[in-house]
1. Condition check: farther than 19 Å from LEU854 by Cα, in contact (Cβ under 8 Å) with a residue 60 or more places away in the chain and surrounded by 22 or more Cβ atoms within 10 Å (Cβ to Cβ). Does LEU769 satisfy that?
2. Name the pairs: first residue in the stretch 495-508 and in the same structural domain as ARG444 (by the TED database), second residue open to solvent by less than 10 Å² (accessible area, probe 1.4 Å) and of a type in the set (Lys, Arg), Cβ to Cβ under 6 Å, at least 6 apart or on different chains?
3. Residue check, PRO813 against (1) farther than 25 Å from LEU854 by Cβ; (2) in contact with a strand residue (DSSP E or B) (Cβ under 8 Å, 6 or more places away or on another chain), all met but one. Which one?
4. Can you give me the ranges of the helices (runs of 4 or more DSSP H) entirely in the stretch 194-276 with at least 1 residues that are of a type in the set (Ser, Thr, Tyr) and open to solvent by 40 Å² or more (accessible area, probe 1.4 Å)?
5. Can you say whether CYS786 is part of a loop (DSSP other than H, G, I, E, B), within 20 Å of THR725 (Cβ to Cβ) and of a type outside the set (Ser, Thr, Tyr), as far as the supplied structure shows?
6. Considering only residues of the stretch 429-473 that are under 16 Å from PHE503 (Cβ atoms) and polar (S, T, N, Q), which is modelled with the highest pLDDT?
7. Scan the stretch 727-744 and tell me whether some residue there is in a helix (DSSP H, G or I), touching a residue at least 24 places away in the same chain (Cβ under 8 Å), open to solvent by 20 Å² or more (accessible area, probe 1.4 Å) and among the charged types (D, E, K, R).
8. Quick check on this structure: which one of GLN800, GLN824, GLN789 is closer than 19 Å to SER733 by Cα and surrounded by fewer than 23 Cβ atoms within 10 Å (Cβ to Cβ)?
Amino acid sequence: MDQPEDPSSSTGLRLAVARELLLAALEELSQEQLKRFRHKLRDVGPDRRSIPWGRLERADAVDLAEQLAQFYGPEPALEVARKTLKRADARDVAAQLKEQRLRRLGLGSAALLSVSEYKKKYREHVLQLHARVKERNARSVKITKRFTKLLIAPESAAPEEETLGPTEEPEPGRARRSDTHTFNRLFRGDEDGRRPLTVVLQGPAGIGKTMAAKKILYDWAAGKLYQGQVDFAFFMPCGELLERPGTRSLADLILDQCPDRGAPVPQMLAQPQRLLFILDGADELPALEGPEAAPCTDPFEAASGARVLGGLLSKALLPTALLLVTTRAAAPGRLQGRLCSPQCAEVRGFSDKDKKKYFYKFFQDERRAERAYRFVKENETLFALCFVPFVCWIVCTVLRQQLELGRDLSRTSKTTTSVYLLFIASVLSSAPVADGPRVQGDLRNLCRLAREGVLGRRAQFAEKQLEQLELRGSKVQTLFLNKKELPGVLETEVTYQFIDQSFQEFLAALSYLLEDEGVPRTAAGGVGTLLRGDSQPHSHLVLTTRFLFGLLSAERMRDIERHFGCVVSERVKQEALRWVQGQGQGCPGVAPEVTEETKGLEDTEEPEEEEEGEEPNYPLELLYCLYETQEDAFVRQALCQLPELALQGVRFCRMDVAVLSYCVRCCPAGQALRLISCRLVAAQEKKKKSLGKRLQASLGGSSSSRGTTKQLPASLLHPLFQTMTDPLCRLTSLTLSHCKVPDAVCRDLSEALRAAPALTELGLLHNRLSEAGLRMLSEGLAWPQCRVQTVRVQLPSSQQGLQYLVGMLRQSPALTTLDLSGCQLPAPMVTYLCAILQHQGCGLQTLRLTSVELSEQSLQELQAVKRAKPDLVIAHPVLDGHPESPKELVSTF
């Protein structure tokens with residue numbers, strides 16, 4: 001009689017016993033049962049590895065026994081076979097296999113059952129231990145309530161140095177959302193059945209690697225992941241383990257994670273292929289030298305944390321165990337040399353859909369979540385940054401504080417500057433009181449480093465630079481800088497870069513406000529260096545300049561003084577003010593006048609999408625800088641020296657309109673606004689409009705123009721036109737030139753014309769306007785409270801809608817000048833115009849018809865009007881007595 005096998009015996013002996021038991025069981029099957037067994041074996045469940053069908057299709061009993069033993073290992077192969085036999089209706093053979101297994105393995109079977117029983121207890125312990133996670137403010141939240149799916153993509157073929165910028169969205173094309181199916185795929189085998197034993201999740205700081213790793217552990221314990229593959233999973237925070245003094249074995253580390261000291265650790269380690277180790281933050285592992293360089297190979301050997309973790313990574317320790325490794329580095333450097341055939345995946349943060357889900361999970365109040373999400377969605381820069389879960393958390397924390405205090409989100413948390421400054425404040429406030437001055441000093445030095453890099457177009461910093469500023473190993477270095485190792489000629493080159501380029505630009509801007517008055521300027525120069533360098537459209541200093549203005553508001557300056565314990569000089573603010581005022585003389589904010597050469601633009605459709613590499617719109621960037629301050633008096637003072645706000649070729653988004661609206665509300669008396677060749681409708685709205693037209697056509701009818709316009713949704717420029725009605729708004733002139741003006745824009749502008757307190761001049765030059773649009777604008781100009789005195793209109797062709805504009809002259813209370821120069825006026829329209837001019841309600845004083853071709857009859861009618869109303873000025877070359885070129889201005893129609 002065979003003696004029972006000891007569970008601690010060699011793998012080879014256990015494999016031989018398992019192969020023998022499997023063969024004996026399979027030889028009991030008929031050909032039909034064996035065929036059914038093969039088919040059932042290829043489908044052992046969604047969470048379990050399956051032997052490729054190519055190996056099973058023609059396998060006999062001997063081949064099947066060998067395949068099972070080699071593919072699954074001794075004990076798992078016996079369990080898989082027993083369950084498959086039951087599914088293949090060979091229950092008697094399954095019972096015999098179970099009995100033979102108990103008889104042949106004896107004590108080993110008892111030990112396995114003990115491990116099986118403990119497995120349930122350990123899972124329950126993990127579920128309880130990891131059910132809640134702590135956020136940066138130490139608030140504990142349920143992981144199932146807070147975890148939001150991330151985009152996870154297979155290893156990218158892109159260059160290693162290529163990283164996402166602050167305003168770039170993660171590309172979802174090849175990425176999958178991190179649901180249970182995606183997590184299961186991480187360790188899925190290839191077409192030959194070979195599965196990776198090491199999977200690396202890599203990505204920048206704050207992208208969600210640790211949270212994803214903890215969610216994988218939690219889902220495994222809940223029975224959702226790696227069933228049939230992993231009996232025990234252990235979370236190893238590398239940073240914490242490396243800081244522990246003394247030596248410990250891997251067995252000790254495992255025991256520390258168990259619910260009690262009676263855990264069957266030796267039996268667990270006897271089946272390493274059933275273990276999963278999650279090594280979080282493996283990039284923190286140091287390079288070992290001397291005796292410490294040899295990785296640990298014995299799970300019971302007491303060694304330093306670096307040697308134990310190094311042994312797991314290099315597969316010198318438990319080579320068949322599964323490893324899930326998280327690392328910051330895009331190119332793991334020394335870590336890459338330690339890993340054994342890793343499969344890499346990139347964590348890319350939130351998709352737009354999951355950003356919204358995160359907001360709802362964070363606030364747990366639908367009304368507040370919707371309000372906060374809508375606010376961020378309209379701030380395109382802030383919304384783009386929220387693909388990083390850490391930044392998203394900062395934003396949500398800021399907004400929750402403002403909502404709890406009952407503050408207006410549109411003013412207190414509207415700028416990225418205020419959100420970033422709060423993040424800096426959280427770093428300072430989390431430091432112990434005794435460490436406060438040291439952290440403040442480190443942040444000052446970090447700001448200096450950021451400024452030198454921005455001005456010098458450098459994103460990488462050497463260790464020597466950090467040592468010179470006493471930043472190496474500091475708290476701020478850990479929070480704000482990523483360590484990157486690159487192979488050098490003689491030794492590994494270590495460099496550092498900011499966790500996000502936008503943080504570097506923000507800290508660079510902050511450095512100018514932390515300069516002590518009277519202290520000699522740093523090598524990087526004062527604020528004048530920044531502003532002079534940001535006078536070109538291609539400048540790399542645009543975002544830094546915007547951050548600087550955001551920090552110049554009185555409220556932000558008080559925050560800086562409070563958090564850094566310093567007095568912020570007004571000198572920087574005055575320099576910035578002089579710089580803005582100087583732009584009115586350059587003058588990048590003033591667009592060229594419309595010329596004959598530009599008149600062809602009205603026949604050109606605006607491009608639907610922006611072209612790559614398009615230059616930033618400098619005048620609009622200037623307005624963004626002013627908007628960041630959210631300080632009305634400063635903005636009004638800055639705009640005093642600008643003759644007008646002129647934006648040309650802008651494809652407006654909602655954030656652009658919000659910025660423009662704010663600056664218009666703060667503009668000084670006499671300010672003019674010109675929009676030239678701008679797109680006044682969002683691309684999404686264009687699609688909706690075309691869909692509406694198709695639906696209207698399919699219904700086989702159309703409403704009257706008046707009925708249709710009443711149902712128009714608010715236009716993209718609605719906030720701007722609302723601002724023009726603000727009692728504080730001093731905008732006196734508005735010109736739309738060479739734009740396609742949708743009916744919705746006309747409707748909203750018409751409403752604004754009725755109540756704008758300071759608007760006295762309106763220009764509509766070479767725009768595309770519908771008949772309905774002209775009618776609505778005319779209604780606004782005829783409104784009793786309308787204060788517009790001068791209207792300039794140049795239409796690209798003869799339009800019937802012009803009759804509405806002429807007709808409103810009978811009612812317009814304030815209009816004194818109408819300029820129709822460049823319009824086409826058929827004889828019937830001139831006759832109608834003359835009739836209106838002689839109406840007793842018409843108060844027009846000047847009619848300009850320069851360059852308008854008129855028939856002899858029309859000229860006579862206008863001369864009759866002048867005789868009847870001698871005070872009315874009608875400007876036309878022929879009527880003014882300039883006969884040198886009458887033929888050019890007299891039409892025969």
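1. Values: farther than 19 Å from LEU854 by Cα: yes; in contact (Cβ under 8 Å) with a residue 60 or more places away in the chain: no; surrounded by 22 or more Cβ atoms within 10 Å (Cβ to Cβ): yes.
It is false that LEU769 is farther than 19 Å from LEU854 by Cα, in contact (Cβ under 8 Å) with a residue 60 or more places away in the chain and surrounded by 22 or more Cβ atoms within 10 Å (Cβ to Cβ).
2. ALA508/ARG451
3. Going through (1) farther than 25 Å from LEU854 by Cβ; (2) in contact with a strand residue (DSSP E or B) (Cβ under 8 Å, 6 or more places away or on another chain) one by one, PRO813 breaks only (2).
4. The helices (runs of 4 or more DSSP H) meeting that bar are 209-221.
5. Values: part of a loop (DSSP other than H, G, I, E, B): yes; within 20 Å of THR725 (Cβ to Cβ): yes; of a type outside the set (Ser, Thr, Tyr): yes.
It is true that CYS786 is part of a loop (DSSP other than H, G, I, E, B), within 20 Å of THR725 (Cβ to Cβ) and of a type outside the set (Ser, Thr, Tyr).
6. Filtering first and then ranking leaves ASN445.
7. There is at least one residue in the stretch 727-744 that is in a helix (DSSP H, G or I), touching a residue at least 24 places away in the same chain (Cβ under 8 Å), open to solvent by 20 Å² or more (accessible area, probe 1.4 Å) and among the charged types (D, E, K, R).
8. Values: GLN800 fails: closer than 19 Å to SER733 by Cα; GLN824 fails: closer than 19 Å to SER733 by Cα.
Result: GLN789 is the single residue among GLN800, GLN824, GLN789 that is closer than 19 Å to SER733 by Cα and surrounded by fewer than 23 Cβ atoms within 10 Å (Cβ to Cβ).
The values are calculated or read from the model by the stated rules, or taken from the named source; none is laboratory data. These numbers come from a predicted model, not from an experiment. Here Cβ is always computed from backbone atoms with ideal geometry, including for glycine, and neighbour counts include all displayed protein chains. Please note that ligands, DNA and RNA were not included when accessible areas were found on the heavy atoms of the full protein model with its side chains. Shrake-Rupley method; radii C 1.70, N 1.55, O 1.52, S 1.80 Å.
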